[in-house]
Amino acid sequence: MGLRSRLGRARDAWADRMAVVRAAEVVDDASWEDLSDALLLADVGVATADELVAEVRRRVGRDGLPDGERAGDGVLEVLKEVLVERLGGVDRSLALGGSPSVWLFVGVNGVGKTTTIGKLARREADAGRSLVLGAGDTFRAAAADQLAMWADRADVPIVRGAEGADPSSVVFDAVEHAAARGADLVLADTAGRVHTRSNLMDELAKVRRVAEKGAGTVTETLLVVDATTGQNGLVQARQFAEAAEVTGIVLTKLDGSARGGIVVAVQDDLGIPVKLVGVGEGVDDLVEFDPADFVDALFAADVAA
Amino acid sequence: MFEGLSSRFEGILKRVRGKGRLSEQDVEEFLAELRVALLEADVHLSVVRSFRDRVRERAVGVEVSGALNPGQQVVKIVLDELTGVLGGETHRLTFAARPPTVILLAGLQGSGKTTTAAKLARLLKAQGRNPLLVGADLQRPAAVEQLRTLGGRIDVPVFSEATDPVEVARAGLAEARRLGRDVVVCDTAGRLAIDDDLMAEVAEVSAVLEPDHTFLVVDAMTGQDAVNVAEAFHARLELDAVVLTKLDGDARGGAALSVREVVGRPIAYASTGEGLEDFDVFHPDRLASRILGMGDVETLIEKAEETFEQEKAEAAAARLMEGTFTLDDFLEQLKALRKMGPISNIMGMVPGMAQQMKDVDTEVDERRIDRIEGIINSMTPAERADPDVIDGSRRSRIAAGSGTQPGEINQLVRQFREMRKMMKQMGRGPGRKAAKARGGKKGRKGRGGRTTDGGPVLVDKKKGLSLPGLGDLPAGLGGPGGGLSAD
């Protein structure tokens, strides 16, 4: 089952453009422009879209179109191939190996960090790992409450501090707590922050350092990115990568009409792979990122279900 | 990425500076850059298209006029159009004749509705209203909890109950009436996707509340999808305006531009920081330059417009070349020069001049210019046109009229004559060719006021005379050692 088919979605400008791309009987300049437009509407960004189209053109020029397909569909096939190649070939597993291992979740406000941790907590607990949640978002009102609800659902312990407490100390306590209980894994939340505020980014760097002060080892720093994010996503990723050594992306909210094309640019530009994708509100709707699935979803042309 | 258009515009300006007219190809190159800039700012593709078409229509064939060269004019066209697209004037919140005024907030999850509700309530409270926050987001764990915490911080009551959103809305309205609160701000649930369930729920809440204003909350970092979201909400709720959140990062907020253009609703408020007070009425013109990242370019245009009319100055300079420059022209130049600021500042812009200026008492210089103005103002038109007619009795009259000594008038007239003679020579002398070449290629007039290089005098037959950094002015005014030296 593809990512897209899990939820119905509104018909949008993107679908219209894709329909035009597919319908093309011959490949001409207009086709390339349509293809470029479709990529732009998926938030891939101008530079990446230009590169992708150039590569597809090169291949079509060299090898011709795939046999037996309408020109438009053929072009699309080549594009998918190019995309899967670009996105593929990287390790997407979530690293363990500390005692405990710490997975740190970072990102701007409202992208779904807390929810992602909640879902992942459930998944890891189901997989038999013992874990502790660290409510490091001490800034947002009730963020800890929200995480506590998830902890409750997944039946895992949570360490939280007072509102406004130092996030590093909360994460440190969570790691200590986990170490004392012999837990495998700490999932640590952090406050959403604007990536251009250097003091907040410094704080994040500190959280990361402090998390390793005791027994813990930060084996993953996951940047949570919302699928509706536009070109700013690339800047975000760059800033967070600088502050916290980001090891992977979690792409959330891919169940809307948003395409999440920005992650193509992020992986292309920064080499940070997407590791997980959130495709729905359910606790099971956080899945491993699969390039082929993602690319299919990116081009799923129309209303499903 | 995100370096904005400023540097690109500069490139364009460089290319078109020497031209009197923008060719179609110039404009197309420019439009291609504009397209990239807008797309990088997350403006929707369809909006980019229509925007580009409008700019193209206005920009092709633009000619030099007034103080702006073609490149600057195109930049101005873009700014004009952009501000127009964003909804020229600032949105004003109206209040119901019979309170409470009801404001409904809708939007996707994570767009910042709950925080916006509190920020809006805070703003209203600061304006002397008595808002009530209603938490009808019963979906997200702890959303109501969050609203209560925020409400506590700003000392605004929060109403919610664990029933269903429609019931909360109904009861919230009753509570507002009971407490005599005059504004109700209602937070609603956002879902991950635009789906029918969500829309039906929000529509039901809306039906119960009969809001005076329905605001769509949009994250400034949203990409191309913003338009779909806005259209979907607008179809069900009839939006009145948009609230733009998270405009505090480096997100360009192009999404907002698209929503305004596609849905036709203005941006009412923008949130520019994490603090509850970082929220205010939205001013469209400010986002325009943010989207293009062109604060510099805007300043540049302002400067060009502020300073004197280029053509006038150039005409005077041309007369100067021909030796028909009059004291009237001289006075005009003096005034224009002074409009640009204190003499010392202007001199400081001229390379090599700043150093020399250190040794000059600029205040004396300013006073001396005052006196020169006074002298010329005391002359008759005939005297200004031809100072040679000034004899002893005229000199006495002018001196009396301007409160100066006859000797000063002599000095001015003598310097003026020398200057005119010198300029006349320069106008046809051997130095002209070299100067012209520089004027055509490297003259930095296009940058208005920010000139930094070039020789002391650039001469071009059409453009006349210009001194870098000073606009156009007679060489004699150049500063220390020139006609205006303080000694």
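If you take all other residues with their beta carbon under 15 Å from the beta carbon of A:Trp150, and give Lys and Arg +1 and Asp and Glu -1, the sum is -3. Classify chain A: rounded, prolate or oblate, from the alpha-carbon gyration tensor (a ≥ b ≥ c, eigenvalue square roots; a/c under 1.5 rounded; otherwise prolate if a/b is larger than b/c)? Because a/c hits 1.5 or more and a/b exceeds b/c, chain A counts as prolate.
Size estimate for the range B:91-141 follows the Kirkwood approach: the inverse of mean 1/r over distinct Cα pairs works out to 12.3 Å.
On the beta carbon distance between B:Ala200 and B:Arg177, with R0 = 41 Å, the FRET formula returns roughly 0.95.
Per residue of A:229-241, other chain Cβ atoms within 10 Å of the residue Cβ number 6 on average. What a 1.4 Å probe finds exposed on chain A is 47% carbon and sulfur by accessible area, rounded to a whole percent. Taking the DSSP beta bridges with both ends in the range B:101-282, the antiparallel portion is around 10 percent.
The packing ranking of peptides A:113-122, A:264-273, B:90-99, A:170-179, highest mean first, is A:113-122, A:170-179, A:264-273, B:90-99, where packing means the average number of other beta carbon atoms within 10 angstrom of each residue.
Averaged per residue, the range A:85-227 has 36 square angstrom of accessible surface, using a 1.4 angstrom probe with ligands and nucleic acids left out.
Rounded to the nearest 10 square angstrom, A:Arg17 shows an accessible area of 60 square angstrom against a 1.4 Å probe.
Using the Cα gyration tensor of the range A:10-87, with a ≥ b ≥ c the square roots of its eigenvalues, what is the shape: rounded (a/c below 1.5), prolate (a/b larger than b/c) or oblate (neither)? Cα axes put the range A:10-87 in the oblate bin. Packing here is the average count of other Cβ atoms within 10 Å per residue, and on that basis the peptides A:35-42, A:63-70, A:85-92, highest first, run A:35-42, A:85-92, A:63-70.
Modelled spin-label separation between A:Glu212 and A:Asp126, with each label point placed 7 Å from Cα along the Cα-to-Cβ direction: 3.2 nm. Net length available on complete extension from A:Ala205 to A:Ala23 is 60.5 nm, with 0.36 nm assigned per residue and the Cα-Cα distance removed. Annotation for the A:B interface, with buried accessible surface near 3600 Å², both sides summed [1.4 Å probe; non-protein components not counted].
Quick one: in the range B:101-282, what % of C-alpha pairs are over 31 Å apart? Provide the component values of the computation, followed by the final result.
Numbers: 1251 of 16471 pairs.
Result: 8 percent of Cα pairs exceed 31 Å.
Counted by Cβ distance under 14 Å from B:Ala200, the other residues give a net charge of -4, where Lys and Arg count +1 and Asp and Glu count -1. Other residues within the sphere of radius under 11 Å centred on the Cβ of A:Ala121, judged by their own Cβ, net out at 0 (K and R +1, D and E -1). Placing unit charges on each Cβ (+1 for Lys and Arg, -1 for Asp and Glu) gives chain A a dipole about its Cα centre, and among A:Val26, A:Ala211, A:Leu41 the Cα reaching farthest toward its positive end belongs to A:Ala211.
To the nearest 20 Debye, how big is the dipole of the range B:101-282 about its Cα centre, given +1 on the beta carbon of each Lys and Arg and -1 on that of each Asp and Glu? It would help to have the intermediate numbers written out before the result.
Details: 18 positive and 28 negative charges, 107 e Å.
It comes to approximately 520 debye.
Given axes a ≥ b ≥ c from the Cα gyration tensor, I'd like to know whether the range B:68-170 is rounded (a/c under 1.5), prolate (a/b larger than b/c) or oblate. In terms of gyration-tensor shape, prolate. Counting Cβ atoms of other protein chains within 10 Å of each Cβ in B:135-144 and taking the mean gives 4.
With Cα atoms as the point set, the range B:147-190 shows a radius of gyration and Dmax of 10.5, 29 Å.
A 1.4 Å probe run over the protein chains yields, for the range B:101-282, 30 Å² of accessible area per residue, whole-number rounding.
Here the calculated FRET efficiency for A:Ser93 and A:Asp284, from their Cβ-Cβ distance with R0 = 22 Å, stands at 0.70, rounded to the nearest 0.05.
The values are calculated or read from the model by the stated rules, or taken from the named source; none is laboratory data. Computed from a prediction, not measured in an experiment: that's the story for all the values here. Cβ coordinates were reconstructed from backbone atoms using ideal geometry, including for glycine residues, and neighbour counts include every protein chain displayed. Heavy atoms of the whole protein, side chains included, go into the accessibility calculation; ligands, DNA and RNA do not. Shrake-Rupley method; radii C 1.70, N 1.55, O 1.52, S 1.80 Å.
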